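Okay, so here's the structure we're looking at.
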Amino acid sequence: MDKYLEEKEVLYAYLKTMQCRFSATMDMWTSCQNKGYMCVTIHWVDDEWRMQKRIIGFFNVKGRHTGAKLSETFTEVMVNWYIEKILFALTLDNASSNEVVVHDIISDLKDNGNGSLVCDGIFFHVRCACHILNLVARDGLKAISATITKIKSLVLAVKGSPLQWEMLLKCATESGLDTKRGISMDVSTRWNSTYLMLRDALYYKHAFVRLKSANRRRYDKMSPSPAEWDKAFTLYQCLKKFYDLTEILSGTSYPTANLFYKGFCDIKLMLDEWCFSDDATISAMAIAMNEKFEKYWQQSNIALAVACFLDPRYKKKLIEYYMRKFYGDEYQVKLDEFVSVIKKLYQFYASSANATSKKKSSRTGPSNATDIIMGDVDEDLENFLYSASEPGMVESNELEKYMAEPLQKIIGEFDILAWWKNKREDYPIITQIVRDVMAIQVSTVASESAFSAAGRVVDPYRNRLDPEIVEALICTKDWVAAARKGDDLYFCTYFSVTNLYLHLKNGLISYLSFCIQILNMLDQL
């Protein structure tokens, strides 16, 4: 416990030095002790423009987990860390009680936050995209469950027999396919495993057809018809978008908010198109998927759009491109509404901007973001972005200057944090907005990953651990691991200086030794 309390003091002092807002993720977990634990993780972009995250609470929530109880517990954690008035967003899953949680927290911030809530809370509630994608994908799989069952039976029949597997590989060789690729097995509780099975089965489709021709008596009933293969391919196309998004949604060490607007827009366009398909099965599948997707879209598209607007490669043009597709002739009204939100956000930060300019750092550490979604080539989109020019406007502030500048045409990977770090002197207000918006988490993966670690701490052999000890173990592990990361040199230095000062204060080292070690740290920087 002493180590936990020491690390907590160091982290608390470090957070006080941050000149930014924090976004949080919160989720619940039931341990093998049958106790409910709440995990609260905060995220921010530090002064060196690196994404950071820390677990600041992992504790047992007693009694019924009602919305009022959860909001009270969450607020208590924020108050204890003195960050309740510098929160930007809170990411939650789609449990019904979380609606009450958000309502209570926003009401409390409006009543007691002294204007600390950004834009009256329009960005505050972010739904977990991973949870939404999981629900939507499951609905799509249910709609063509008969086809999925046939493909699964076919894969099981082949992989369950060494002789049949050899025959499939022979058919694959005759069809010119790679025999080393293999076929993934489906796990009923994980939709992404179904996607991987579909992907591999579709790759070996011609081999399966040859196998059926060679042994009709065995495979005739379980083999999909040509129409069913086509439906499986349609679902595969949709699930691929979901899978690609989920892959980068799982990251917590790089900015994610700006990466997803295009991906979610493409999914929405795809589902809207399939809703009017001539195939009744595809249409029913798309309608079922679209119903849940709309729930997420209405809640979180503004936050994603603002993050995309702050990407210098796209700005307002990408939003306009998709609004034209979504709303047709009425797109201008929606676009004007979006611009008014941007202006409102800018005015909020401009009114509270600190006039003190900060010294520009020479370090431009990368955020390690791999821009998968934005890397997709779309000729129609490219032509729209770079062919039309914006009408001239009078530049009276940073926002208008940013909007008037041409788009950055950058090929390959793009580190948005490094780009904005070098623009701090040109855009002091907008860069502060970027720091806060890019820290928004579009999923609760950070909190859920803590549950995996907790499952190894509270296992059947250690199921009598006191909840306070569990919290100390989980939090200390997270804090120490973050401090030891090679890309977190500045936090490590701060951590080391603080410890040296404590040793000096307690008489454990001399003043001369203290000065020498400080100079050695400065040389390393």
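The values are calculated or read from the model by the stated rules, or taken from the named source; none is laboratory data. Every value quoted in this text rests on a predicted model; they were computed, and no experiment measured them. Every residue, glycine among them, receives a Cβ derived from its backbone with ideal geometry; neighbour counts consider all protein chains shown.
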Qualifying residue in region 15-25 (condition: under 23 Å from TYR296 (Cα atoms), without any contact (Cβ under 8 Å) to a residue 40 or more places away in the chain and of a type in the set (S, T, N, Q)): no
Close pairs from region 323-348: first assigned by TED's automatic domain parsing to the domain that holds PRO428 and without any contact (Cβ under 8 Å) to a residue 12 or more places away in the chain, partner in a helix (DSSP H, G or I) and of a type in the set (Lys, Arg), Cβ under 8 Å, at least 6 apart: TYR327/LYS334; TYR331/ARG324
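Picking from ASN94, ASN34, which residue would you name as being within 23 Å of the chain's Cα centre (by Cα) and either free of Cβ contacts under 8 Å to residues at least 40 places away in the same chain or not in a strand (DSSP E or B) (or both)? Step through it out loud before you land on a result.
Numbers: ASN34 fails: within 23 Å of the chain's Cα centre (by Cα).
Matching residue, one of ASN94, ASN34: ASN94.
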Residues of region 454-476 satisfying the condition of being buried (at least 17 other Cβ atoms within 10 Å of the Cβ) and in a helix (DSSP H, G or I): ALA454, PRO467, VAL470, GLU471, ALA472, LEU473, ILE474, CYS475, THR476
Lone unmet requirement of (1) within 22 Å of ILE302 (Cα to Cα); (2) at pLDDT below 90; (3) among the hydroxyl-bearing types (Ser, Thr, Tyr) for SER449: (1)
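Condition check ((1) basic (Lys, Arg); (2) surrounded by fewer than 20 Cβ atoms within 10 Å (Cβ to Cβ); (3) in the same structural domain as MET289 (by TED's automatic domain parsing); (4) not in a helix (DSSP H, G or I)) across all residues:
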{"residue": "LEU90", "(1), (2), (3), (4)": "no, no, no, yes"}
{"residue": "ASN98", "(1), (2), (3), (4)": "no, no, no, no"}
{"residue": "ASP108", "(1), (2), (3), (4)": "no, yes, no, no"}
{"residue": "ASP111", "(1), (2), (3), (4)": "no, yes, no, no"}
{"residue": "CYS119", "(1), (2), (3), (4)": "no, yes, no, no"}
{"residue": "PHE123", "(1), (2), (3), (4)": "no, no, no, yes"}
{"residue": "TRP165", "(1), (2), (3), (4)": "no, yes, no, no"}
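Being assigned by TED's automatic domain parsing to the domain that holds ALA157, within 30 Å of GLU413 (Cβ to Cβ) and either modelled with pLDDT of 80 or more or not in a helix (DSSP H, G or I) (or both) is true for just one of LEU211, LEU269, LEU202. Which residue is that?
From the options LEU211, LEU269, LEU202, the qualifying one is LEU202.
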Looking only at region 167-197, and only at residues there that are surrounded by fewer than 17 Cβ atoms within 10 Å (Cβ to Cβ) and within 17 Å of TYR236 (Cα to Cα), the one that is modelled with the lowest pLDDT: SER188
ASN94 at pLDDT below 80, touching a strand residue (DSSP E or B) at 6+ places or on another chain (Cβ under 8 Å) and of a type in the set (S, T, N, Q): yes
Residue satisfying all of: in region 26-45; modelled with pLDDT under 90 and not hydrophobic (A, V, I, L, M, F, W, C); farthest from LEU92 (Cα to Cα) among these: GLN33
Count of region 17-34 residues which are of a type outside the set (Gly, Ala, Ser) and surrounded by fewer than 21 Cβ atoms within 10 Å (Cβ to Cβ): 10
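Residue under question is ALA450, and the condition is that it be over 23 Å from the mean Cα position of the chain (by Cα) and assigned to a helix (DSSP H, G or I); does it hold?
Numbers: over 23 Å from the mean Cα position of the chain (by Cα): no; assigned to a helix (DSSP H, G or I): yes.
Answer is no for this residue.
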Which listed residue, of ASP466, ASP426, ASP488, ASP436, is at pLDDT below 80 and of a type in the set (Asp, Glu): ASP488
Of all residues in region 132-163 being outside any helix (DSSP H, G or I) and without any contact (Cβ under 8 Å) to a residue 40 or more places away in the chain, the one that is surrounded by the fewest Cβ atoms within 10 Å (Cβ to Cβ): GLY160
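If I ask for residues that are surrounded by 18 or more Cβ atoms within 10 Å (Cβ to Cβ) and assigned to a loop (DSSP other than H, G, I, E, B), which ones from region 214-226 would you list? It would help to see each step written out before you state the result.
Step one: list which residues in region 214-226 are surrounded by 18 or more Cβ atoms within 10 Å (Cβ to Cβ), which gives 219, 223-224.
Listed by number, the residues that qualify are SER223, PRO224.
Restricting the search to region 40-64, which residues are among the polar types (S, T, N, Q) and either more than 22 Å from VAL458 (Cα to Cα) or surrounded by fewer than 22 Cβ atoms within 10 Å (Cβ to Cβ) (or both)?
If we filter region 40-64 for residues that are among the polar types (S, T, N, Q), which is where we start, we get 41, 52, 60.
Correct list: GLN52, ASN60.
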One residue from TYR37, TYR82, TYR14 being surrounded by fewer than 18 Cβ atoms within 10 Å (Cβ to Cβ) and aromatic (Phe, Trp, Tyr): TYR82
Tally, over region 272-304, of residues that are modelled with pLDDT of 75 or more, in a helix (DSSP H, G or I) and charged (D, E, K, R): 5
So THR179, is it without any contact (Cβ under 8 Å) to a residue 12 or more places away in the chain and assigned by TED's automatic domain parsing to the domain that holds LYS152: yes
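Among the residues of region 386-396, are any surrounded by 13 or more Cβ atoms within 10 Å (Cβ to Cβ), closer than 28 Å to ASP120 by Cα and modelled with pLDDT under 90?
Restricting attention to region 386-396, the residues satisfying the condition of being surrounded by 13 or more Cβ atoms within 10 Å (Cβ to Cβ) are 390, 395.
In the following step, the residues that additionally are closer than 28 Å to ASP120 by Cα were identified as 395.
Keeping just the survivors that are modelled with pLDDT under 90 gives 395.
Within region 386-396, one or more residues are surrounded by 13 or more Cβ atoms within 10 Å (Cβ to Cβ), closer than 28 Å to ASP120 by Cα and modelled with pLDDT under 90.
Within region 259-287, track down each residue that is of a type in the set (Gly, Ala, Ser) and in contact with a Cys (Cβ under 9 Å, 6 or more places away or on another chain). Reasoning before the result, please.
Taking region 259-287 first, the residues of a type in the set (Gly, Ala, Ser) are 263, 277, 280, 283-284, 286.
SER283, ALA286 - these are the residues of region 259-287 that are of a type in the set (Gly, Ala, Ser) and in contact with a Cys (Cβ under 9 Å, 6 or more places away or on another chain).
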